[in-house]
Amino acid sequence: PPSPHRTSRLHARSRCAGHDSGRARGSSARTAAMSCAAMAATAAAVPAAAKVTSRRRGRRIFVGTRGNVETGSAFPSRAGRRCAARGGSVAASAGDGVEDTSERNDTDASGSDSAPSDDAADAAVASFPAEIRALVADGADAALRAMDARLALAMRGEAADAADDDEASAREQAAKFAEAEDQAVQIVRCLKSSGSLRGFGAARLVPRRDYALSELKLNNIEAEKLLAPTESTISGLRDAASKTLLAFAFAWVFAAHPDGRTVAGALAVFGGALATDQIAFGGGVEALALDTAAQRLSPAYVSRLRLHEAAHFLVAYLMGILPKGYTLSSLDAFEKYGALNVQAGCAFCDGEFQRETRLGKIGSASLGRFSCVALAGIGMEYVAYGYAEGGVSDVRQLDGMLRALAFSQKKSDSEVRWAVLNVITILRRHESVVRALADAMARGATVGACVRLIEEKLGEDI
């Protein structure tokens, strides 16, 4: 991937926006009626989207699902689970590389409605290594500080340039970084098992089935405004810079009357610089300059970007994916990781997803988490502003993943619509948490501090 982060990039482009809104699939009229009833109940529980201001765009460090993750609970009602059982899994009949885990996930989720007993919690904690248990025994704050230390080491692995190392040294460093990441994930999972963290992996999800565009509209979701993001700030700055350079060139020629050789030399230097940036850095120098200018000139751009990344962070955490680190500007990414062509983004512990990818068998639960986290950024922009601007690369990356899995157009649309419904429901329910998290990330809070803030701000209805 074209970023310092070797995590899987969750950028997504939905193909459902421009397609006909087919009917939700069901095995009988009774199933369809039950599905619509469940959706109507969801719509009633979802608060109206607030209108505010913020932004996000371009390529970024982003988000895989690495690290052993837990399955989020599904729709809690008994009727909702029956509807899910009838609807089946979107992934079940898709490409051969997708394993159907929907039935197992529904079973796990139904058991997560009640808190585990003390004996069950003790048994779960006892399954972790002694080193992890000792860290958790010191308290949640101490354990989260230890987690931050390990994530900082893992992020060094994201930024490490192994080009100068020999192969053996590179493998040794990679193993060290991977071990630090795995330990960070185990700390959080152990805290979850002990009852110290409520939110990790606790997101309630709507049932797995085919949803029509009409059902999204029933939940006040206009897919065309969410799934077709258009960047305006960066493109506007690019156009303004081009016009300024052109005007400057004409003024120079008019005032200085240079000879043809001088003009040709100036054009060669300018063209060579642009070509070098595009070929050697993938346009990274231009992206760095434009993003830095936008950060200075447009408060709305900064606000939207922060909300976008905070939404990725929160949705990933609620889906059971531990964020590894984040950046909110191209300059920050360059200073921390030596990365160009990265405007903002989150990196995640995505070891489990990477292992499934290597084996060629991606479970429907993993794919669902991947899809939801990918669409979280544009989802928050839609919730806050009524439309999305940034996140084009999010959409493209999810689209690329679905194509790689040999999903048909129909199955891709189904996966995206299911993810959109989940993401918008979660973000509307926890919009205040996203805003508080965005402010904390703007202050440079550590991942551990962000986790503490999420746990403090989450209400009873996760």
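Observations
- Alpha carbon centroid spacing (whole Å) that separates region 309-382 from region 258-280: 38
- Rolling a 1.4 Å probe over the protein chains gives His257 an accessible area of about 140 Å².
- Model label points for Glu460 and Ala256, set 7 angstrom from Cα along the Cα-to-Cβ axis, are 7.3 nm apart.
- Set of region 232-246 residues, backbone N closer than 14 Å to the point 7 Å along the Cα-Cβ line of Ala266: 244-246
- A straight chain from Ala275 to Ala137 at 0.36 nm per residue would run longer than the Cα-Cα distance by 44.1 nm.
- In plain terms, the chain from Gln409 to Leu246 could stretch by 54.3 nm, reckoned as 0.36 nm per residue minus the Cα-Cα distance.
- Model label sites at Tyr387 and Asn220, defined 7 Å from Cα along the beta-carbon direction, differ in position by 1.9 nm.
- Long-range HN-HN contacts of Ala445 with modeled amide H, under 5 Å: none
The values are calculated or read from the model by the stated rules, or taken from the named source; none is laboratory data. None of these values were measured; they are calculated from a predicted model. Counting neighbours? That spans all protein chains shown, and the Cβs are built from the backbone with ideal geometry, glycine included. Side chains are part of the model used for accessible areas, which takes the heavy atoms of the whole protein and leaves out ligands, DNA and RNA. Shrake-Rupley method; radii C 1.70, N 1.55, O 1.52, S 1.80 Å.
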